[in-house]
Structure formats: structure tokens, C-alpha cells
Amino acid sequence: MKAALSVEELCVFYGDTQALWDVSFSVQSGQLVALLGANGAGKTTTLKAICGLLTPAEGRIIYEGRTISELPVHDTANLGITLVPEGRQLFPKMNVEENLIVGSYLGRAKENRQRNLERVYALFPRLAERRNQAAETLSGGEQQMVAIGRGLMQSPRLIMFDEPSLGLAPILVQEMFGVIQELHSQGLTIFLVEQNVNQTLKIADYCYVIENGRIVQEGTGREMEENPRVREAYLGF
Ligand code: ATP
């Protein structure tokens, strides 16, 4: 398997405060890789550095063989990297379809707009029914679907999710993980950031655990489930 994404010894600062220390990991093409960790561990910072919203002080980010550490977000988006951000960040007064189309303004995403829209509606039939409804009138779960749909409108080759299950009712959490699994089975490369360790370990091919800005554990979902330190710290048994 070929590495779609390699992160090598990444160090990121906010002003004088260091948030990431020598963070290294890789995601193979077609894999679903998870980054697990508590609040403030450095998960969002890692995602922002990969997609070009933050510039690393040290280290390298290599995507499909090319160093992208210095590229701004519109360039990484054009290379096929999409972030579905925490908290959805929709335009509340715009309807579902308008929010989806926001994801399709760059390069090849624009060319594939109609095909991608059909794909999103096939994946989320409820969004097709509500295409003319303002985003603010949707439930939390439906808003999360719009955020994922908007990401898919970018024609991603690597899609990254920042805590997609956050704030959702348990039944919707199941549904959300089902959608991520479906995208994985379609062959998309996925980097999933989550605090829902239990669910994530069931679907991830490989996992990394981040604590205080450092990767402290790694392994397959099964290895993680059997790891006493992970069980105690994240699974509560
Ligand atoms: P959460 O689940 O709460 O989003 P996280 O694992 O995504 O947590 P980050 O948001 O990456 O964590 O934060 C990592 C560290 O960087 C934390 O100590 C946080 O306080 C700090 N930090 C994050 N954003 C900023 C910022 N804009 N300015 C200064 N420090 C920040």
C-alpha cells in the first residue's frame, strides 16, 4: 500500500506556546486511520496543519509524494484534501443545497458539481428531501450530514473529520459512524479525529493516540482495545 499522507516530526506553535511535539504518523491510500485523544490533546491543531490553516514550525507533511507543509488551504483543497470541521460551520440562513454547493467552487470540484450532488443525495436521502430547507431548521444530525456532504462536494481524495459525533444523540452517533464506514468501503482515504474511542476502534484500520501534543500509542483497532493503558484511560475498564 502507498502512503497517501505522511506526517513527520511535526511541531506547531500558537505564539510562544507549543501545541504539537514531533508528531509523526501515516495514512495509507484507502485506509481509515484515527487520531484519538482528550480535549486539548492537539487533534484539531494536527488537522489544521495538514490542510494549511496553520504553518508548522518544524517537520514535514507529505501528501501523495509531495511536500505540502507550506501550502495554504485553497491549494491543499485543490490537491484533494478536505476537512469536515468540528461544529459543522454551516451558513444557517442558506438552504441545504446552497450549503452543499459552497464546497464545490474550486477546480475539479466545480466540474464535478452535479455528479457530486447526486452522490451526496444518494448517501443522505434526507438531505435530498430537505434540499430547500434553511440549515438552521435542521436537527444536529442533519446538520452534520450537510457538513459531510459539503466536504464530499470538494471531490476529496483524503477526507478528514474533526469529531463528527460530537453533540449527537446516541442513535445518530451510530448513523454517523455508519456513513464514515460506507465512505471507507467506497475506497476514500479517511483520517478521523474522535473522542468516541469505543466506536472508533471498531471501524478504524489503524489508530494513533495523542496526549499533550505527543503521539503516545499506536496500533490496529484490536490492538488498542487490548492495550491496558488505552482501556484504562479511554474505555473505562
Ligand atoms: P478539542 O477536542 O478540545 O478540540 P484538541 O485535541 O482538538 O481538543 P487542540 O484544539 O488542537 O486540541 O488544542 C491543542 C492545544 O493548543 C491546547 O492546549 C489548546 O489550548 C491550544 N490551542 C488551541 N488553539 C489555540 C489558539 N488559537 N491559541 C492558543 N492556544 C491554542
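Where a number appears in this text, it was derived from the coordinates with a stated rule and is not lab data. Note that the coordinates shown come from a computational prediction; the quantities given were computed from them, not determined experimentally. Using ideal geometry, Cβ is built from the backbone for each residue, glycine included, and neighbour counts are taken over all protein chains shown.
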Report summary line: Taking the square root of 5λ for each eigenvalue of the C-alpha gyration tensor of the chain, the equivalent ellipsoid has semi-axes, largest first and in whole angstrom, of 28, 21, 16
Report summary line: Log entry: pair-distance distribution for the range 1-47, C-alpha pairs binned every 10 Å from zero, whole % per bin is 24, 51, 22, 4
**Report entry** Under-27-angstrom lysine pairs by C-alpha in the chain, whenever the two are 8 or more apart or on separate chains
**Finding:** 8
Query raised in the report: Quick one: if the Förster radius is 25 Å, what FRET efficiency do residue 62 and residue 218 give, using the C-beta to C-beta distance and rounding to 0.05?
Result: 0.85
Report summary line: Counting all Cα-Cα pairs in the range 132-174, those more than 14 Å apart amount in percent to 53 percent
**Report entry** Computed FRET value (nearest 0.05) for residue 24 with residue 182, which takes r as the C-beta separation and R₀ as 22 Å
**Finding:** 0.15
Requested in this report: Return a whole-number percent for the relative contact order of the range 79-167, with Cα pairs under 8 Å and 6 or more residues apart as the contact set.
Outcome: 56 percent
**Report entry** Most to least packed among 90-101, 162-173 [average Cβ atoms within 10 Å]
**Finding:** 90-101, 162-173
Report task. Measure out, as a whole number of angstrom, how far apart the alpha-carbon centroids of the range 155-204 and the range 112-132 sit. Result -> 19 Å
Query raised in the report: In percent, what relative contact order does the chain have, based on Cα pairs under 8 Å that are 6 or more apart in sequence?
Result: 26 percent
**Report entry** Label-point separation, residue 73 to residue 17 (7 Å along Cα→Cβ), nm
**Finding:** 2.0 nm
**Report entry** FRET efficiency, 1/(1 + (r/R0)^6) with R0 22 Å, evaluated for residue 106 and residue 55 via beta carbons
**Finding:** 0.60
Query - Degrees between helix 170-185 axis and first principal axis of the chain (Cα, 0 to 90, nearest 10) - result: 90 degrees
Query - Positive dipole terminus of the chain, leading residue within 104, 195, 28 (C-beta point charges) - result: 104
Query raised in the report: Cα-Cα pairs above 22 Å in the range 51-133: how many percent?
Result: 38 percent
Query raised in the report: Over the range 16-109, what is the relative contact order in whole percent, taking alpha-carbon pairs under 8 Å and six or more residues apart?
Result: 18 percent
